[in-house]
Amino acid sequence: MVSLLPFQGFHYNAEKVKDFGLVIAPPYDQISEDMQNHLYEQSPYNFIRLIFGKVFPEDNEAENRYTRAEKSLTQWRQDGVLVQDKEPAFYLYEQKFQLYDQWLTRTGLVGLMRLEPLGKGVFPHEKTFPKPKEDRLKLMKTCKSNFEHVFFLYDDPDRSFDKILNPSRAVLLFSCKDAAGTTHTISKILEPEVLRSISSFFKDKNLLIADGHHRYETSLAYQQELRSIFCSSTVDEAPFNFRLGTFVSLQNKGLKILPTHRVLKNLSESQIQLLEQGLNHYFDLNTAPDLSSMLERMGRKNHSFGVTLGGKFLAAVLKPSVDIEKEFPEVPAVLRELDVFLLHHLIFQRLLQIPAEKSDEWIEYIRWPEEVLQRIKNNSHRAAFFLNPVKPEQVRKVAESGEKMPHKSTDFYPKLWSGLVFYKMDF
């Protein structure tokens with residue numbers, strides 16, 4: 001059972017910030033050093049200064065990226081750059097974006113959810129790592145804020161939630177474009193009857209975490225830490241029991257998951273030979289004249305992926321004689337169905353003996369196929385693997401089964417940007 005609540009969101013003040021496109025930022029884990037520098041230069045009020053501040057050699061316990069974020073937050077509130085809405089609201093977050101040659105719209109609901117243990121109403125599909133959680137916890141403890149959203153998915157097969165919402169009656173806050181041309185629009189819903197209907201709709205829903213696994217687990221850790229301190233009768237309603245999120249239907253036509261392709265780097269001659277032998281043993285290999293032809297051919301059947309090796313484009317389709325259940329009897333069926341599982345466990349781990357815990361030392365993860373080709377150009381000791389996208393239904397099955405997908409299996413596109421509306425836990 002999920003408890004979803006409206007809240008008094010913080011956001012930029014349109015009287016102080018004339019171009020919201022200059023102050024919003026991608027989520028922190030998508031920001032390179034070059035992008036960080038660019039966002040710093042773009043505006044003195046860019047949200048990067050809160051979510052992913054710079055680190056300096058002279059930093060210490062009293063002065064660091066987290067304390068600087070808190071100082072910026074306090075100063076921006078005092079200067080009226082950031083304001084808080086006076087009434088609780090749910091917010092509509094609409095993204096209009098281009099993917100390949102198609103324009104799409106994805107709409108999500110922004111609200112607060114009461115934190116639930118993983119596996120009890122909230123289901124992850126990815127593993128998390130200690131270092132990012134440590135970083136996010138320091139920021140949360142210092143600023144007492146949810147600056148960034150967790151991206152949640154919910155099931156609504158008959159699209160009944162659309163009947164509750166009436167976007168035309170929502171109050172527009174602002175709309176802006178990012179550098180990639182995606183338009184971000186935030187509106188707020190204030191009508192008490194609609195707010196109650198929204199909360200009621202989610203009471204019997206399970207939520208899947210699409211993006212923001214580290215953020216959600218950080219909120220759970222923060223809650224646990226503070227509940228042990230605030231031992232009062234009102235602790236259950238304390239602000240740290242809630243988490244900011246954007247909630248999108250699994251049936252939303254703008255919900256797109258991109259594959260993340262893999263480049264294997266620094267292969268030895270013996271590994272290249274092993275790879276060629278293994279591919280021929282397990283797969284039917286169809287040579288394609290170019291990248292687009294390979295991508296088209298590999299998308300026609302289950303258990304297939306593309307390979308570039310030695311200048312060739314190959315569509316690799318699992319041979320009918322290969323029984324994946326017998327090859328991996330200990331692995332749940334929901335994972336055996338995934339092309340990315342087959343690539344990691346059959347090719348990377350079994351054939352090439354790449355340990356799962358050290359995969360990042362061997363593998364580069366790249367979103368766009370054309371960029372993959374640039375990365376391996378004129379390098380005979382690299383091989384690239386191109387994946388089909390995971391389907392939303394596959395994410396649901398894996399998450400609700402309690403299993404985890406291999407690293408970088410899903411790339412929900414576009415990302416939820418930061419600086420649109422956030423939650424400040426004043427206590």
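The values are calculated or read from the model by the stated rules, or taken from the named source; none is laboratory data. Every value quoted in this text rests on a predicted model; they were computed, and no experiment measured them. Counting neighbours? That spans all protein chains shown, and the Cβs are built from the backbone with ideal geometry, glycine included.
Going residue by residue through the stretch 249-256, is there one that turns out to be free of Cβ contacts under 8 Å to residues at least 40 places away in the same chain and assigned by TED's automatic domain parsing to the domain that holds N146? Checked the stretch 249-256: no residue is free of Cβ contacts under 8 Å to residues at least 40 places away in the same chain and assigned by TED's automatic domain parsing to the domain that holds N146. Just one residue in the set K71, K86, K18, K96 is at pLDDT below 95, in the same structural domain as A179 (by TED's automatic domain parsing) and out of contact with any helix residue (DSSP H, G or I) (no Cβ under 7 Å at 6 or more places or on another chain); that residue is K18.
Answer yes or no as to whether L208 is in a helix (DSSP H, G or I), crowded, with 19+ Cβ neighbours inside 10 Å, at pLDDT 95 or above and in contact with a Lys or Arg (Cβ under 9 Å, 6 or more places away or on another chain). No: the conditions fail for L208. Would you check which residues across the stretch 216-262 are assigned to a strand (DSSP E or B), surrounded by fewer than 20 Cβ atoms within 10 Å (Cβ to Cβ) and not basic (K, R) and list them? Across the stretch 216-262, the qualifying residues are I257, L258.
Residue-level check: of (1) out of contact with any strand residue (DSSP E or B) (no Cβ under 6 Å at 6 or more places or on another chain); (2) surrounded by 15 or more Cβ atoms within 10 Å (Cβ to Cβ); (3) of a type outside the set (D, E), Q273 misses just (2).
For the residues Y413, Y423, the requirement of being touching a residue at least 12 places away in the same chain (Cβ under 8 Å), under 17 Å from the mean Cα position of the chain (by Cα) and under 30 Å from D85 (Cβ atoms) singles out Y413.
Scoring L416 on the criteria (1) in contact with a helix residue (DSSP H, G or I) (Cβ under 9 Å, 6 or more places away or on another chain); (2) part of a loop (DSSP other than H, G, I, E, B) leaves a single failure, condition (1). State which residue is surrounded by the fewest Cβ atoms within 10 Å (Cβ to Cβ) when the search covers only the stretch 116-151 and only residues that are of a type in the set (A, V, I, L, M, F, W, C) and not in a helix (DSSP H, G or I). Once the filter is applied, the top-ranked residue is F129.
Scan the stretch 359-388 for residues that are assigned to a loop (DSSP other than H, G, I, E, B) and farther than 13 Å from H344 by Cα and jot them down.
Once the filter is applied, which keeps residues that are assigned to a loop (DSSP other than H, G, I, E, B) and farther than 13 Å from H344 by Cα, the stretch 359-388 yields R367, W368, K377, N378, N379, S380, H381, R382, N388.
A count restricted to the stretch 389-413 and to residues that are over 22 Å from A180 (Cβ atoms) and outside any loop (DSSP other than H, G, I, E, B) stands at 10.
For the stretch 278-330, the set of residues classified as small (G, A, S), in contact with a Phe, Trp or Tyr (Cβ under 9 Å, 6 or more places away or on another chain), farther than 17 Å from I347 by Cβ and not in a helix (DSSP H, G or I) consists of A288 only. The criterion of being surrounded by fewer than 16 Cβ atoms within 10 Å (Cβ to Cβ), of a type in the set (A, V, I, L, M, F, W, C), in a strand (DSSP E or B) and in contact (Cβ under 8 Å) with a residue 12 or more places away in the chain holds for L172. Among the residues of the stretch 381-403, none qualifies, meaning not one is without any contact (Cβ under 8 Å) to a residue 12 or more places away in the chain and closer than 27 Å to L291 by Cα.
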